[in-house]
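So the structure is just underneath, and the comments pick up after that.
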Amino acid sequence: MSADVKPAADASRFRFLPHMDSASGHLIWAITVALFFLFVAIAPGFLNFLNINSILSEIALFGFLAVALTPVIVSGNIDISVGSVLGMAACLSIVLMPYGIGVAISAALGAGLLAGFMNGVLVEKVGIDSFIVTLATMIGIRGVTFYYIGDRSVMTLDPVFLAIGNSNVGFVPVRTIVLAIIAVLVAWVMHSTSHGRYTFAIGGNRAAAVDAGVRVSRHVIANMMICGLLAAVGGVAMAAQLGSVTPAFGAQYELWGITAVVLGGTRLRGGTGSILGSLGAVATLAILHNGMVLLQVQSFYVPIVIGFALILALVLDRQPTGIVKGGE
């Protein structure tokens, strides 16, 4: 019998699976705090209002992608199309602004949701590996965006849209507050609902989840849709901040998002991870990048340092955890 027609599984059967790697989440935040105080001590102007605002803005930029990708990777899949979805949503929100801010934002978010649904259906119903599917949609979405927009930048002067993107509450950008609210919501879904528990179960041992009656396809598609939607939210937020984007906007952002998720303790094989850890890694990368810029470190050292950090995270990802997956 297909997993999609079996009775719903009892979530208690997956109590042996951890809902997050708390040690990894705490470790990355400890590193974040240590880096923060290090740059306070050695980087001139690090605590400047504008500089802290800049760090929080960078956290928002890649934070949306990290939060979007975490449930997908926890379920044992990957989505490398998020950068293209972010760029497409940013362009749509600006190009459609003459039709009204509501129409523009709704269309951009709807496009992200549709992209995620398409990815999920191709992975679950057609049976194509998620890396191959999202590689194809990454290229295709970027191509469609260029076809629709052309090789040019698009801009908007809509005062409400720009005000939303550039408003602050104190020194905290509104878009960073929006990210925090979304992160709390997604974390609640992942750790307090049956969908979240089944997501961990699917990533921990898909065959066991199928045998237990979990409707695997439904949950994988839902996570892909959430991923596309949140990537589009990030695109709209950045378009509102910048007021002008090109069809190439968001290129390679997926790499930063995946890097943050892995550094935050989410295993690429699935089954373990947390939104808190992913956000901690985003904060670490943002502080590291900002501090190195203030210290006038040559820019090519930044990806070198982050590359070594990612390799270390991948090595740790290969280590056994002692977790029983699919057992009693």
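Any read-out appearing in this document is the output of simple, stated calculations on the displayed coordinates, not a laboratory observation. This structure is a prediction, so every number in the text was calculated from the model and none was measured. In this analysis, Cβ positions are derived from the backbone assuming ideal geometry, glycine residues included, and neighbour counts consider all displayed protein chains.
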Full-stretch length increase - S106, S299 - with 0.36 nm per residue and alpha-carbon distance subtracted | 65.8 nm
Give the shape of region 70-193 as rounded, prolate or oblate, defined through the alpha-carbon gyration tensor: a ≥ b ≥ c are the square roots of its eigenvalues, a/c under 1.5 means rounded, and otherwise the shape is prolate if a/b is larger than b/c and oblate if not.
-> oblate
Rounded to the nearest 500, what is the chain's calculated 222 nm mean residue ellipticity when only DSSP H runs of at least 4 contribute -39500 (n - 2.57) each, over all residues?
-> -23000 deg cm²/dmol
Set the Förster radius R0 to 41 Å, insert the Cβ-Cβ distance between F308 and F49 as r into 1/(1 + (r/R0)^6), and round the FRET efficiency to 0.05.
-> 0.80
If you rank L109, L314, L279, L50 by fewest surrounding Cβ atoms within 10 Å, what's the result?
-> L50, L314, L109, L279
Assigning unit charges at the beta carbon (Lys, Arg +1; Asp, Glu -1) and nothing else, what dipole magnitude in debye, to the nearest 20, does the chain show about its Cα centre?
-> 420 debye
Anyone know which of V85, V184, V123 comes out most mobile in the 10 Å Cα GNM of the chain?
-> V184
Based on the mean of other Cβ atoms within 10 Å per residue, sort peptides 290-298, 237-245 so the most packed one is first.
-> 237-245, 290-298
Between V172 and R152, what is the FRET efficiency for a Förster distance of 30 Å, r being their Cβ-Cβ separation, to the nearest 0.05?
-> 0.35
